[in-house]
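Working notes, beginning with the structure itself.
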Amino acid sequence: MRSTFLMGVDDGSEDPFSSEAGGFESEGNVQTSPTGKSSLRQTTMRQTTKGSLANRSFASEKRSYVSEASLSQSSPSLKRSATSGGFGEKKDTLFFGTQVGTLRIQDMILDRAYTFLDYVRGGLELRMMLGIDFTRSNMDKQNPDSLHSLVDMDLPTSYETAIIALGSVLRSYDTTDEYAVYGFGARIPPSHSVCSNCFALTGDFLHPQVHGIDGILRAYRRSLQVVHMHGPSCPGDVLELGSYYARNYMQEPEKEGGVLRSNVPPDMNYFVLIVLTDGDIVNEKRIVQELKKMQEYPISVFFIGIGTSKDFDFWRELPNATALDFDRDFEKTKKDTVMSKKAVRRVARFVKFS
């Protein structure tokens, strides 16, 4: 929780927020170093209330120390000062340095930082999307060493194992149990003459959702039977589609004073796009561009490395790279507003599945 204070300096005049009437008061003391170049400030914060419980004055205090530039060239001294404890109790406070003034707080605003679990309790829905790599670097489905191997129909493929493990966790946060599933890097029917980097595993691009984890697995197996693995591999189109879904659920900022623009609670949806790939990738710049665009949208991307490929170097560095300005890595794109924009959060994560 963050506190924002509007502060005023005590000039000796009567103030409705003074300790006589009840309010906040802070006293600062400075200890100057022997060189006179640095000092240690002790700040004592007191909140007083008067007129309750037999007209007693109640006070509580909090001290903090901050290092700051020297405010005085005087030599340090040791002083004893009487301060108020709880329920009007007097106690002595030992402090170093010269008392330099009094700080009065006239207003305070509490700004709460909500956690992920706070949003889940408030009705947040996690919407899972999948992008599956169908490039020929995975090898043909009739090859027993293929990551898409269907030689033994009773055994799950490497991709199915990952889908089951991840989906069983994320489905707990989605009450609809509906998932959009896409593939990339394959020639698609009816002609098999076009290589698509974003096709719906349902066969209907306008209706890509399937029901449950079993629905994902059925759509995946059906696609293995009808598409021809090809390449090159670039999930850029899948990332762009994820941005399209997520930006429709961006929340309007609150007005000053915390009043919402609408009395109708917004639909809170956060998208989790899972991209399953064997690591063979082209057009890295396109992927970086799409991830940069996602920063302001309610979406995160998890790249899951499938198999034992050694070509995961780009994916391992991607989460760190997307948190930089990119000028270091892409000198020619400095004029591109998307690429030169400072990252505000990490959108992508890479996990090697084994």
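Please treat every number below as a calculation from the coordinates, not as lab data. Predicted model, so just to flag it, every value in this text is computed and none were measured. When we count neighbours, we look across all protein chains shown, and the Cβ atoms used for this are built from the backbone with ideal geometry, even at glycine.
Some points to look at:
- Estimated FRET transfer efficiency when R0 is 56 angstrom, pair MET250-GLN142 (beta carbons, to 0.05): 0.80
- The string of couplings for the range 268-282 from the Karplus curve (6.51, -1.76, 1.60, θ = phi - 60°) is 9, 10, 10, 9, 10, 9, 10, 10, 9, 8, 8, x, 6, 9, 10 Hz, one whole number per residue in order, with x for Gly and Pro.
- 3J(HN,Hα) along the range 314-319, derived from phi through the Karplus expression 6.51 cos²θ - 1.76 cosθ + 1.60 where θ = phi - 60°, amounts to 4, 5, 5, 7, 4, x Hz, with x in place of Gly and Pro.
- Estimated FRET transfer efficiency when R0 is 41 angstrom, pair ARG222-ARG345 (beta carbons, to 0.05): 0.65
- Neighbour counts of other Cβ atoms within 10 Å put LEU170, LEU291 in the fewest-to-most order LEU170, LEU291.
- Sequence-distant residues sharing a close amide H with TYR182 (under 5 Å, placed H): LEU130, GLY131, ILE132, LEU201
- SER193 versus ASP154: modelled label distance in nm, points set 7 Å from Cα along the beta carbon direction: 4.3 nm
- LYS352 long-range amide H proximity, modeled H, under 5 Å: GLY305
- Here's how it looks for PHE271: its modeled amide H is under 5 Å from those of ARG127, ILE299, SER300, which are all 5 or more places away or on a different chain.
- The distance between label points at GLU317 and HIS207 comes to 4.5 nm (points 7 Å beyond Cα on the Cα→Cβ vector).
- FRET efficiency, VAL100 to VAL120 (Cβ-Cβ, R0 41 Å, nearest 0.05): 0.30
- Note, ³J(HN,Hα) from phi for the range 218-223, Karplus 6.51, -1.76, 1.60, rounded to Hz, x at Gly and Pro: 5, 5, 5, 5, 4, 5
- Out-of-range pairs (alpha-carbon distance over 28 Å; input LYS141/LYS285; LYS141/LYS352; LYS141/LYS293): LYS141/LYS285; LYS141/LYS293
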